[in-house]
Amino acid sequence: MKPFVYILLFLGMLTFIPQSGNAQCKNFAKKVCKLELAPYVHDGNFNAAILTEGEDAELFKTFYAGQEYRIAVCGSESLSNVEFIIMDVDRRVLYTNAKDNYKLTWDFKVEATQQLIILVKVPSGNNDEAELSSGCVAIMFGLKTN
């Protein structure tokens, strides 16, 4: 009967670990990345995930005509130079922070309501270590108010 109990405990721990990591990542977004939005007003959404070197993630978001926005992308200290690329739905690049010294924010205004793709890339490290670095990456959106 004991092996069955150990299996249940192990499965319970596996389901708890990703949730606690995700909660820590959301706290990182709230405490660190949200500060990058000032003086823009945060839209209330916390988009954050744990990424490892060499991984990327995409987020689709609708932006409304005539509004001024700020996108802020922050990565944990364990990650270097997180790149973000803004593309239209045809995947034409509108902005990449790689050409802007890996700046954490981008301010823009859209002429017409449209959906944009935000691609976040964590570069591969140049180290020969067997273990890859991972950390939280957050994407935050702010709206300029008058």
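S133 meets all of the listed conditions (1) under 17 Å from L51 (Cα atoms); (2) hydroxyl-bearing (S, T, Y); (3) under 14 Å from the mean Cα position of the chain (by Cα) but one, namely (3). Selection of the range 48-77 for residues being closer than 17 Å to I139 by Cα and among the polar types (S, T, N, Q) yields T52, T62, S76.
Any idea which of N27, N81 is of a type in the set (S, T, N, Q), under 22 Å from S124 (Cα atoms) and under 14 Å from the mean Cα position of the chain (by Cα)? Outline the logic, then answer.
Numbers: N27 fails: under 22 Å from S124 (Cα atoms).
After ruling out the rest, the residue left standing is N81.
Restricting the range 92-146 to residues that are surrounded by 13 or more Cβ atoms within 10 Å (Cβ to Cβ) and basic (K, R), the residue that is farthest from G75 (Cα to Cα) is K144.
Among the residues making up the range 87-146, those that are in contact (Cβ under 8 Å) with a residue 40 or more places away in the chain and among the aromatic types (F, W, Y) are F108, F141. Scanning the range 78-91 for residues that are surrounded by 12 or more Cβ atoms within 10 Å (Cβ to Cβ) and at positive phi yields a single hit, N81.
Filtering the range 63-94 to residues that are of a type in the set (S, T, N, Q) and under 21 Å from P39 (Cα atoms) leaves only Q67. Of the residues contained in the range 39-47, none is found to be surrounded by 16 or more Cβ atoms within 10 Å (Cβ to Cβ), among the hydrophobic types (A, V, I, L, M, F, W, C), in contact with a Phe, Trp or Tyr (Cβ under 7 Å, 6 or more places away or on another chain) and not in a strand (DSSP E or B). Could you tell me whether L51 is in contact (Cβ under 8 Å) with a residue 40 or more places away in the chain and in contact with a strand residue (DSSP E or B) (Cβ under 8 Å, 6 or more places away or on another chain)? Answer is yes for this residue.
Values in this text are rule-based calculations from the coordinates and carry no lab data. The structure displayed is predicted, hence computed values, not measured ones. Because the Cβ atoms are built from the backbone with ideal geometry, glycine has one as well, and the counts that use them run over all protein chains shown.
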